[in-house]
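Notes follow the structure.
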Amino acid sequence: MSARTYVCPSCRWSRRAEAAYGLKTRLRCPTCGGSLWELEWRWRIPRKTNDKGWKELEVKVSRDAAIIVSWRQREGAAKIAKLDGQISNVEKQRDSAIKTAKLKKLRSERTRTLNRYV
């Protein structure tokens, strides 16, 4: 897996972690406790004393946030709708151990999707 840089523009804090490709992560800023923003590979992290660089990075993060959050919500809604359809189809089947296992798997996948996308 590739790694990405995550930043907190308000605290000027950064760290490297596994790439989430725009999905929600559990990464938090140790200073303020806020969510960290994933940056693309081509963005350089300015020094903590570089006010101009951090202002530019903050503008970039706020601009990208609107795009990424709306994309993530649309993708999540589509995946959840697909899973709901699959769950509905499986619920119509005759009771069996296979049906129970499928429902359990689909419901857990739905929960994971909710946590990652919405």
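The values are calculated or read from the model by the stated rules, or taken from the named source; none is laboratory data. Just so we're clear, the structure is a prediction, and the values are computed from it rather than from any experiment. Note that each Cβ is placed from the backbone with ideal geometry, even for glycine, and that neighbours are counted across all protein chains shown. In case anyone asks, the SASA skips ligands and DNA or RNA and just uses the protein heavy atoms, side chains included. Shrake-Rupley method; radii C 1.70, N 1.55, O 1.52, S 1.80 Å.
A 1.4 Å probe over all protein chains sorts Lys52, Lys102 by accessible area into Lys52, Lys102, starting with the largest.
For helix 51-91, what angle does its Cα long axis make with the longest principal axis of the chain, in degrees from 0 to 90 and rounded to 10? Approximately 0 degrees, to the nearest 10. For the chain, what's the relative contact order in percent, using C-alpha pairs closer than 8 Å and at least 6 residues apart? 23 percent. Per atom type, the chain shows carbon and sulfur on 52% of its accessible surface, probed at 1.4 Å. The charge dipole of the chain, taken about its Cα centre with unit charges on the Cβ atoms of Lys, Arg (+1), Asp and Glu (-1) only, comes to about 240 debye. Computed from phi, the 3J(HN,Hα) profile of the range 29-43 under the Karplus parametrisation 6.51, -1.76, 1.60 (θ = phi - 60°) reads 6, x, 7, 9, x, x, 5, 9, 9, 7, 9, 6, 5, 8, 8 Hz, with x in place of Gly and Pro. Model label points for Ile80 and Glu56, set 7 angstrom from Cα along the Cα-to-Cβ axis, are 3.8 nm apart.
Calculated [222 nm] ellipticity per residue, helices only, for the chain: -19000 deg cm²/dmol; basis is -39500 (n - 2.57) per DSSP H run with n ≥ 4, divided by all residues, nearest 500.
Computed from Cα atoms, the angle from the helix 97-117 axis to the main principal axis of the chain rounds to 20 degrees.
Quick check for you: with a 1.4 Å probe and neighbouring chains kept, what is the accessible area per residue of the chain, in Å²?
Details: 8480 Å² over 118 residues.
Computed with neighbouring chains in place, this is 72 Å² per residue.
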